[in-house]
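One structure is given below, encoded as structure tokens.
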Amino acid sequence: MQIDWIYGLLGGLMIGSAAAFYLLVNGRIMGASGIAGELVDGTAGRTWAEKASFLAALVATPAALAWVFGGAQTHLTSNWVVVVIAGALVGLGTRMANGCTSGHGVCGISRLSLRGIVATVFYIMAGGLVMALARHGLGLI
Amino acid sequence: MRNLTAALSGALFGTGLLVSGMTDTVKVQGWLDVFGDWDATLAFVMGGAMIPMAIAWRIAARREVSALGTPFPPKNRSGVDPKLVTGSVIFGAGWALAGLCPGPALASAGFGGVNGAIFLIAMLAAMVAAPKASRLLDRMTAPKGSTMDIRALTPTYAVSPQIDPEDLPAIKVAGYTTVIDNRPDGEIPPHLHTPVMEEAAKALGLTFVANPVIGGAMTPENVAIQRAAIEASGGPVFAYCASGNRSSVVWALAHAGLKPADELIGIPARFGYQLEHLRPALEAAKG
């Protein structure tokens with residue numbers, strides 16, 4: 001749809017404001033993979049409660065909005081083998097690289113961090129390549 | 001208070017992901033599908049998100065600490081390493097296959113159905129396994145016949161439990177150029193004493209630095225010597241003590257204010273070194 005980019009921009013501004021708020025108030029980088037990863041592998045230490053609060057709100061707010069307004073859809077593939085493989089790759093890769101779309105992408109690039117820029121270039125390139133292969137080459141997704 | 005503001009940020013982040021359409025895998029996969037029906041929405045999302053964040057970094061640069069008194073995370077100066085690139089490529093592949101990255105995967109938990117939950121479980125399980133997989137990779141690429149346990153905290157600094165003079169050639173082959181001895185001689189038998197290790201290391205052309213750390217009585221001088229040795233080294237540094245714990249502690253303190261405290265505590269924790277008690281000192285330091 002033609003107006004999708006307006007929602008994209010609006011949502012993007014909200015994402016960026018959330019990251020800005022988290023940095024200026026809590027003094028931390030808003031990276032989804034780092035926050036989730038440190039909670040599950042037990043390295044969050046004393047920052048545990050803070051990160052758990054962030055995560056709980058991140059899950060609960062869209063869930064509530066989707067329930068009230070309806071219409072939210074992920075259109076995730078029904079092929080659970082692909083889902084498991086994709087989930088494992090995302091979990092492993094983001095922890096190895098120490099960041100994902102929010103940490104390296106939004107927070108890193110806006111700071112002109114070399115690591116953030118390099119990571120983003122590589123995950124987008126790999127994503128485009130795998131997409132071309134899996135969809136147009138193998139017809140997998 | 002911290003928990004409340006963190007929750008506010010999480011709520012806004014989740015709402016933004018939902019509004020932007022990033023919880024819809026069709027949009028994300030559409031962005032990556034350059035050869036198909038390309039969807040540019042993600043570029044607007046990323047662009048939009050960077051505007052407030054770029055402003056926030058400018059404000060942060062002019063202040064010492066955040067509104068709640070936490071020092072701002074310093075820029076990671078360790079540069080680009082193979083793990084950053086390998087990890088990003090692995091992540092990108094998974095991102096394309098399902099169309100979900102960690103943020104949207106969590107934000108869509110409430111309406112993502114069974115498969116969304118399966119994705120989350122697989123992702124979180126892989127996050128738990130990631131440090132082990134990463135270490136396995138290190139061990140597989142290590143020279144054969146070595147019984148040592150080199151624990152690379154960063155590409156340029158590794159710690160290890162007590163080593164033998166016979167381990168030194170493997171350390172050299174692994175690419176380390178400086179060896180730091182953090183164990184006082186009083187704890188160990190003579191054949192492992194500093195002069196023996198020093199002679200063996202120098203015979204191989206390795207730089208050797210003796211910096212004995214007494215357990216529980218580390219001095220500022222210990223930290224200064226470690227920092228100077230790391231800075232002076234032309235290549236990766238290998239430090240050892242009894243378990244690798246003291247070598248991790250001096251490393252963390254030597255980088256206080258130069259790397260985020262979360263990283264200085266989180267990385268050693270992956271190898272079993274608990275440095276949480278250093279958090280106040282690490283967060284208070286200025287770069």
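Observations on the model:
- The ratio of the alpha-carbon radius of gyration of the range B:224-287 to the globular-protein estimate 2.2 N^0.38 Å is 1.07.
- Convex hull per residue volume in Å³, alpha carbons only, for the range B:2-140: 166 Å³
- For B:Ala158, nonlocal amide neighbours, meaning residues 5 or more places apart or on other chains whose placed amide H falls under 5 Å from its own, are B:Leu153, B:Val237, B:Phe238, B:Ala239.
- Residues of type aspartates and glutamates that B:Lys132 reaches as a straight line, Cα spacing below 12 Å, ignoring anything fewer than 8 places off in the same chain: A:Asp41
- Kirkwood hydrodynamic radius over Cα pairs of the range A:76-141, then Stokes diffusion coefficient at 4 °C and 1.567 mPa s, in µm²/s: 100 µm²/s
- Residue (of B:Pro190, B:Ala133, B:Leu106) at the positive-pole extreme of the range B:77-203, dipole from beta-carbon charges: B:Leu106
- Axis of helix B:113-141 versus longest Cα principal axis of chain B: the two differ by about 20°, to the nearest ten degrees.
- The amide H of B:Phe72, built 1.01 Å from its N in the peptide plane, has B:Ser66 as neighbours under 5 Å, considering only residues 5 or more places off or on other chains.
- Highest average first, the peptides B:165-174, A:30-39, A:3-12 ordered by how many other beta carbon atoms sit within 10 Å of their residues are A:30-39, A:3-12, B:165-174.
- The protein assembly as shown, helix-only ellipticity at 222 nm - DSSP H runs n ≥ 4, -39,500 (n - 2.57), divided by all residues, nearest 500: -18000 deg cm²/dmol
- Distance from the C-alpha centroid of the range A:1-28 to that of the range B:173-188: 48 Å, rounded to the whole angstrom.
- Summarising the strand pairing of the protein assembly as shown, around 25 percent of its internal DSSP beta bridges are antiparallel.
- B versus A: buried accessible surface, summed, Å² (probe 1.4 Å, to nearest 100): 9400 Å²
- Efficiency of FRET between B:Ile214 and B:Asp164 - r from beta-carbon atoms, R0 30 angstrom, step 0.05: 0.85
- Model label sites at B:Ala43 and B:Ala125, defined 7 Å from Cα along the beta-carbon direction, differ in position by 3.8 nm.
- Charging the Cβ of each Asp and Glu at -1 and of each Lys and Arg at +1, and nothing else, the dipole of chain A about its Cα centre rounds to 240 debye.
- Label-point separation in nm, B:Lys132 to A:Ile85, each point 7 Å along Cα→Cβ: 2.3 nm
- Accessible area in the full protein assembly, largest first, 1.4 Å probe, for B:His277, B:His193, A:His104: B:His277, B:His193, A:His104
- Per residue accessible area in Å² of the protein assembly as shown, where ligands, DNA and RNA are left out and the probe is 1.4 Å: 42 Å²
- Share of pairwise Cα-Cα distances greater than 18 Å in the range A:1-114 is 63 percent (whole percent).
- Take the Kirkwood radius over Cα pairs of chain B, plug it into Stokes-Einstein at 10 °C and 1.306 mPa s, and you get 72 µm²/s for translational diffusion.
- Whole-Å distance, taken between Cα centres, linking the range B:200-230 and the range B:12-51: 50 Å
- In terms of overall dimensions, the C-alpha atoms belonging to the range B:1-80 reach 48, 33, 20 Å along their principal axes, ordered largest to smallest.
- Scaling the Cα radius of gyration of the protein assembly as shown by the globular reference 2.2 N^0.38 Å produces a ratio of 1.04.
- Scaled against the 2.2 N^0.38 Å expected of a compact globular protein of N residues, the Cα radius of gyration of the range B:149-284 reads 0.98.
- Taking 27 Å as the limit for the C-alpha separation, the pairs A:Lys51/B:Lys259; B:Lys202/B:Lys259; B:Lys83/B:Lys259 exceed it in the case of B:Lys202/B:Lys259.
The values are calculated or read from the model by the stated rules, or taken from the named source; none is laboratory data. Quick caveat, the model's predicted, so the values are computed rather than measured. Every residue, glycine as well, gets a Cβ built from its backbone with ideal geometry; the counts of neighbours run over all protein chains shown. Note: areas computed on protein heavy atoms with side chains; ligands, DNA, RNA excluded. Shrake-Rupley method; radii C 1.70, N 1.55, O 1.52, S 1.80 Å.
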